[in-house]
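All remarks here apply to the structure that follows.
The values are calculated or read from the model by the stated rules, or taken from the named source; none is laboratory data. All figures in this text were calculated on a predicted structure; none of them were measured in a lab. As a convention, Cβ positions derive from the backbone with ideal geometry for all residues, glycine included, and neighbour counts pool all protein chains shown. All accessible areas refer to the heavy atoms of the entire protein, side chains included, with ligands and DNA or RNA removed. Shrake-Rupley method; radii C 1.70, N 1.55, O 1.52, S 1.80 Å.
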Amino acid sequence: MGVRKTKINRRFLFFIGFVLFVSFDGVAQSSLFEEKVSFKYASTSLENILEDLTKKYNIDFSYSLDQLPLHQNISIEIDNQTLSIALQELFSIAKVEYHIIGAQMILKKTRSVAKQRKSLNSQKTPNSVQNTIYREEIYLSKIRPRGSYQLTNDLYLRQLKKKDLRRIDVEKVDHRSKRRKLQVSLVPGIGTNGMGSRKYINTISLNIFSGYSRGSGFLEIGGLSNFSTDDVHGIQLAGFSNVVGGDDLYDLTNKEIKEISRRGYHHNMRGFQASGLVNIVRGNAWGWQASAGSNVLFNSMKGFQTAGVTNVAYEYASGVQISGIWNIVGKSTTGVQLAGISNFSADEVTGVQITAFLNITKKRLNGGQIGAFNFAGNIEGKHSRLSSPNTGMQLGFFNYTKRNMDGLQIGLVNWVSNMNGVQFGLINWSNGEQRFPIGLLNISSDTRGYFRTYTSELFLFNTELGTGSEHVVNSISYSRNFSTQEDEPIWGLGYAFGREKYGRGIFINYDLQLMHINYESGFTESLSLLVRPRLFFGVNPFIRTSIKNFYVFTGVAWNTYFSKKDLRIPLEKLQLSNQNDPNMWMGFMFGAQLKI
């Protein structure tokens, strides 16, 4: 026992010297598990049931979002049964395993190789020393009941290799938490809870400088900081920092901490946290975290995170993240990420990422990315190999999808590995096939298009380059008159989109062209727009030779010209009427084309 006390004193010296925390004494908590309860749920999701039971009976459930069938609908009716029996029946229906560690009830999916070793009826209190977790018939190691200073006799250390198991000889201790309705403190050790503050769960806690406790039940205010070794419920306010689940696992190695965290042992914050610099929760947060600096979650978030600098959730985020610089999620994001510089999600995003600079989703995007630069692993849709009703959109200067893109990209440059969706941009690039690209230049491994030169009733020389796919071809054109009369158009720039079909030795092309016409060597700044649907028909006169891609063609167009009244197309013989605005006339083209 002497060695153990030395460790405790060192820990208190560390907190007093660097963080200034506060605490106080309390009374023992009575168990709720023998209380008679009645409740009824009809086709209610497991997630809503757990939230309701937490509010009614102050039970602390802990679980990972991907470990439980939270959306499973359950119907159950309990009439005047003990809480332990009621929970046992609920978890049996939901096929969920439960384990109690300290004041926390850990939930996870039922495994075929694992069986429930003890029921809630065998637990005298929710903090009983009889807590054990099983996995493949091996005792989990060194899981210390929360609030205790020792390990229980019945727990073993499981190393990474099964052959490296060793017994831990420890003493049984009384680790039950204590409660106090009101505590006031100056610094750790100087307050109504004295030196035993880490054992206390305070309903209301007022800390002049800093607070140090087991947990908080309603309100905690610290001038500088608040530090809780266990869960926090309600409101937690600090000028500098809030920490939840700080040193409850201080005597475990990093590998051991990761192992028990993987099995569902977490510290939770339910409510509202606000600090001037940082909020840290070594587990899950349900509610709202607000900080002028950073919010950090070691597990998952459901609710809101607002920070001046950064928001971090190591596992999942469901809700809204707003930060001045960046948001980071270690796995999946469901909801909204809004940041000044960058949003990052290591897994998939179902929702929206909005930033001024960079959005990254390493896997699937179901929703939208809006930023200067957008990166996604893949965007599925109804044309994907694995057809999905959900899809995504990227809007920015540069959009990149690493694998399949079956959604929408809008930007200056759009780049995908394989494209089954729609691209709008100046340059659309695909390493595979393109389905529906719309842009000035469209490049892919299966690019389809043409290069043509021709003459028309309006311009003597026209050259045009078309690129695209079998579904759509986009073209850019340059037109020129070399010797002009007064008021005759000198040159023009055009863009067209349409479709092109090829047969044996023939082709047909139809599109809609928009052209800006210039009446001087420079650019005519006033309105001078020509709009014309066009139809081309061409034949290959060398079909029986090796020249397979050369065609001669002719075409017709219906021209509509929009301009200021002082700008007129001088083609009176062709115009149907020169009294109306806009001018309209029939046009023609003939020339040669090379298929790409």
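Just a few scattered comments:
- One residue from I221, I235 being among the aliphatic types (A, V, I, L, M), open to solvent by 60 Å² or more (accessible area, probe 1.4 Å), free of Cβ contacts under 8 Å to residues at least 40 places away in the same chain and under 24 Å from S300 (Cβ atoms): I235
- Answer residue from region 62-88, given it is buried (at least 20 other Cβ atoms within 10 Å of the Cβ) and not hydroxyl-bearing (S, T, Y) and is nearest to S318 (Cα to Cα) among those: L68
- Flag for S228 being touching a Gly at 6+ places or on another chain (Cβ under 7 Å) and at pLDDT 90 or above: yes
- Hey, S342 over 13 Å from the mean Cα position of the chain (by Cα) and open to solvent by less than 30 Å² (accessible area, probe 1.4 Å) or not: no
- Options Q513, Q434; residue that is open to solvent by less than 70 Å² (accessible area, probe 1.4 Å) and not in a strand (DSSP E or B): Q434
- Count of residues meeting criterion [open to solvent by less than 10 Å² (accessible area, probe 1.4 Å) and closer than 20 Å to L219 by Cβ] in region 268-286: 6
- Residue count for region 459-478, restricted to those that are open to solvent by less than 10 Å² (accessible area, probe 1.4 Å), more than 46 Å from the chain's Cα centre (by Cα) and at pLDDT below 95: 1.
- Identity of the residue in region 556-569, surrounded by 14 or more Cβ atoms within 10 Å (Cβ to Cβ) and at pLDDT below 80, that ends up nearest to R504 (Cα to Cα): I569
- Any hit, region 519-542, residues being open to solvent by less than 10 Å² (accessible area, probe 1.4 Å), of a type in the set (A, V, I, L, M) and touching a Leu at 6+ places or on another chain (Cβ under 9 Å): yes
- Candidates G498, G503, filtered to the one that is surrounded by 14 or more Cβ atoms within 10 Å (Cβ to Cβ) and at pLDDT 85 or above: G498
- Any pair with Cβ under 9 angstrom, 6 or more apart, that starts in region 46-65 at a residue that is closer than 23 Å to F298 by Cα and ends at one that is assigned to a helix (DSSP H, G or I) and among the β-branched types (V, I, T): D60/T54; F61/T54
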